[in-house]
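Below is one structure, written out as structure tokens, with a few remarks after it.
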Amino acid sequence: MEANREALDRFAQSLKARGSPQTEARYVRACESLIAAADTTPLGQLKRHDIQRALAKLHASGLAPRTLAVTLSAWRSWFRYLGKTDASVSSKIFTGLKAPKAPKRLPNALTETEAVRLVTPLEMPQDARKSSASSARDQAMFEVLYGCGIRIGELIGLDVADVNLANGEIRVFGKGRKERVVPIGAPACGAIEAWLSERSRSHGQRPEVALFLGARGERISAPVVRRTLKSRALERGISSHVYPHRLRHSFASHVLQSSGDLRAVQELMGHASIASTQVYTHLDFQHLAKVYDQAHPRARKKPTTP
């Protein structure tokens, strides 16, 4: 129905104004599924059972509980937005509706040895086909991902002006464009400095403000970062799947194991709620339990001698 499509276009524009391309894309896809379910029915005429039926159909199609939760949140936000100008549309039809619960999964962190092996530069170039500029860029990106624990969207959103090497910190814009300042260690500072030198040499004085650039001099994209990181992990002999958010998990887990300061990890990660950070305490406990099993003489049952 054309009116429903126009309503989605207005909502998409409002999301674009908030400055989160990932959220915009996710929410628009979710709302398109509701348009398909509504068919020729105007949004204002949808009832609670229509929403329940649409959600159940998506669940039956195999959508994961987490995806369904995002979908329901997108629908609710859309109706809340439309209700500001259209009295026939109300988000109250979503009251009490919940997506199926997702099983809790622990963050999948690398070991400290794997993480260090991943980000430590090799003495010799690992790929002769790569230019010094792309090698320097990749090194800086991975040092920042693991050394600062930022999200991939925050990484590609960094501008040159967001980096303060003198103070050893970067300015990051997280979810909802919420700003935070994150410290960066000496290896990351050195890698960024090397990349900025190569960036100037390879791309010249371009008007592009982005810190990390792609091959054509534009702001680097998330798929390129993921693909490059995966290739780097394989080169370093890490057979498990390595992706940017796994470096964020590794950062949080390793800092918590070393410091035990949950509140500090929350601030570094940019979590709005401490509950989001507490999941890493389970990883910390697993680490402690492993150390205990290996070190304490009474931790494991000794084999009996015949």
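First check a/c for the chain, with a ≥ b ≥ c the square roots of the eigenvalues of its C-alpha gyration tensor; if it is under 1.5, answer rounded, and if not, answer prolate when a/b is larger than b/c or oblate otherwise. The shape class here is oblate. By the Kirkwood approach, averaging reciprocal distances over each pair of separate Cα atoms, region 112-293 gets a hydrodynamic radius of 17.1 Å.
By the rule of a C-alpha distance below 17 Å, with chain neighbours fewer than 8 residues away ignored, the aspartates and glutamates paired with Lys175 are Glu24, Glu154, Asp159, Asp162, Glu267.
For the chain, what is the relative contact order in percent, using Cα pairs closer than 8 Å and at least 6 residues apart in sequence?
Details: 315 pairs, mean separation 50.4, N = 306.
The normalised contact order for the chain reaches 16 percent.
Quickly estimate the mean residue ellipticity at 222 nm for the chain, helices only: each DSSP H run with n ≥ 4 gives -39500 (n - 2.57), and the total goes over all residues, rounded to 500.
Details: 12 runs with 174 residues, N = 306.
Roughly -18500 deg cm²/dmol at 222 nm, from the helical runs in the chain.
Counting Lys and Arg as +1 and Asp and Glu as -1 over every other residue whose Cβ lies under 11 Å from the Cβ of Thr67, the net charge comes to +3. Each Lys and Arg contributes +1 and each Asp and Glu -1, all at the Cβ; summed about the Cα centre of region 2-94, the dipole is approximately 400 debye.
For Lys230, the aspartates and glutamates whose Cα falls under 18 Å of its own Cα, not counting residues fewer than eight places away in the same chain, are Glu112, Glu114, Asp127, Asp138, Glu143. With an a/c value of 1.5 or above and a/b not larger than b/c for the gyration tensor axes a ≥ b ≥ c computed over the alpha-carbon atoms, region 15-70 is described as oblate. The local environment of Ala233, defined by Cβ-Cβ distances under 10 Å, has a net charge of +3 under the rule Lys, Arg +1 and Asp, Glu -1.
Using Cα pairs under 8 angstrom and six or more residues apart, how large is the relative contact order of region 112-293, in percent? Before the final figure, lay out each step's value.
On the way: 196 pairs, mean separation 43.7, N = 182.
Result for region 112-293 is 24 percent.
Residue farthest toward the positive end of the dipole of the chain, with Cβ of Lys/Arg at +1 and Asp/Glu at -1: which of Leu165, Phe251, Ser134? After comparing all options, I get Phe251.
Taking packing as the residue-averaged number of other Cβ atoms within 10 angstrom, the listed peptides 29-37, 233-241, 148-156 run from highest to lowest as 148-156, 29-37, 233-241. Remark: spin-label model distance Ser132-Asn164 equals 3.1 nm, labels positioned 7 Å along the Cα→Cβ axis. Other residues whose C-beta falls under 11 angstrom from the C-beta of Lys92 contribute a net charge of +3, scoring Lys and Arg +1 and Asp and Glu -1. Model label sites at Lys92 and Asp39, defined 7 Å from Cα along the beta-carbon direction, differ in position by 2.8 nm.
Since every read-out is calculated from the coordinates, none of them should be taken as a lab result. Keep in mind it's a predicted model, so treat the numbers as computed, not measured. Quick reminder, even Gly has a Cβ in these numbers, built from the backbone with ideal geometry, and neighbours come from all protein chains shown.
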